[in-house]
Each structure stands twice: as C-alpha cells, then as structure tokens.
1. Mind checking which residues of the range 103-132 are farther than 27 Å from Gly89 by Cβ, β-branched (Val, Ile, Thr) and touching a Phe, Trp or Tyr at 6+ places or on another chain (Cβ under 9 Å)?
2. Tell me which residues, restricted to the range 91-120, are hydrophobic (A, V, I, L, M, F, W, C) and either part of a loop (DSSP other than H, G, I, E, B) or open to solvent by less than 80 Å² (accessible area, probe 1.4 Å) (or both).
3. Could you please find all residues in the range 123-146 being without any contact (Cβ under 8 Å) to a residue 60 or more places away in the chain and among the basic types (Lys, Arg)?
4. Please work out which one of (1) at pLDDT below 90; (2) within 16 Å of Asp153 (Cβ to Cβ) is the condition Ser25 fails and give its number.
Amino acid sequence: MKNIKLNLLFSVLFTGVLSAQNKDSKFENLKSLIESKNFRFEGTWAYPMRGGNINLIGNPNSLDVKGDSVNVYLPFFGVSQLSHYNTNGGFKYEGLAENYKVTYDDEKQKAIITFNVHQEVERLDVTITASSIDNANVDVISSHRDIMRYRGDLEKLKEKE
C-alpha cells in the first residue's frame, strides 16, 4: 500500500513538472515569434462594444507585423462618430507602426505589444496580448469609432510567392 501511494505521489509530481516545462516552452515559442517581428494575427472572434460576439471564421481578417510595418485588415462592427468618414467598414491600414513596444510578464507568461497608427484623420491604438501562439487578443481603440476586441491566433508570416 505504501508503494502505491509513493508511486502515485511521484506520478503527480512528474506530471506537474512536465506541465510547467510545456507551459515554459510555449511561452518561449511565443517570445521567439514576437521577437522575429514577422508574424500574423488572424481573428476567430470579434467582440464589438455593442452587441454580441461575431464568429470570424471564413471572413478575411488579419493584422500582420513585418519589421517596423504593419498591415491591418480587421472588420468593424459598431458606431462611428463621423458618418462621412471611412465607408469601407473595417480598420484598414498599411504602413509604419508608431511607438511599437513589446513587454513580457514572465510571471503571468504574457506578452503585450502596443503601437499606434494614423490613417487619414483617424488614430488607432492597438494592443496585442498573448499568452501563447494560439491564444491572442487584439484591442483596437479608435479616435472616431467604438472599441473593438478580436480573439484569435498568432502565426509566422508566410513569405509571398
């Protein structure tokens, strides 16, 4: 009986160690991807400020980071304060990211990326929060529209052929 209890204790401890190592490995993979400055966020869900959640699977959307540049193509569901501005319906921007900053919280195993972009008269403040490659949120705060949140995955940006 004593041997069974001892074996059970060792197996529980061993499983805990493996789980912690796996979590550390996932966080190191995330850090490596972010440090490459060559990645894509693709949303699976949108969370508008007003209304319910919207499934984005099958709808084109992405936020690419390539070096100092970003390419934002995210749908927008909400209210705009300028009725004559930006009738294309989404957040769309291609160009340099301003104030690009990455911070890591090793204790919580989270990465936070922030940057700003200006498109015509609108300013976008973007925050990407990720705890792993397959668990990332993007928050977009606009100077002229409702706040939007997107949930999805990060992946290495594929080279165009």
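The values are calculated or read from the model by the stated rules, or taken from the named source; none is laboratory data. In this text the structure is predicted, and so the values were computed from the model without any measurement. No Cβ is skipped: glycine too gets one built from the backbone with ideal geometry, and neighbour counts run over all protein chains shown. Note: areas computed on protein heavy atoms with side chains; ligands, DNA, RNA excluded. Shrake-Rupley method; radii C 1.70, N 1.55, O 1.52, S 1.80 Å.
1. If the condition is that a residue be farther than 27 Å from Gly89 by Cβ, β-branched (Val, Ile, Thr) and touching a Phe, Trp or Tyr at 6+ places or on another chain (Cβ under 9 Å), then Ile112 is the only one that fits.
2. Phe91, Ala97, Val102, Ala111, Ile112, Ile113, Phe115, Val117, listed by residue number.
3. Arg123
4. Every listed condition holds for Ser25 apart from (2).
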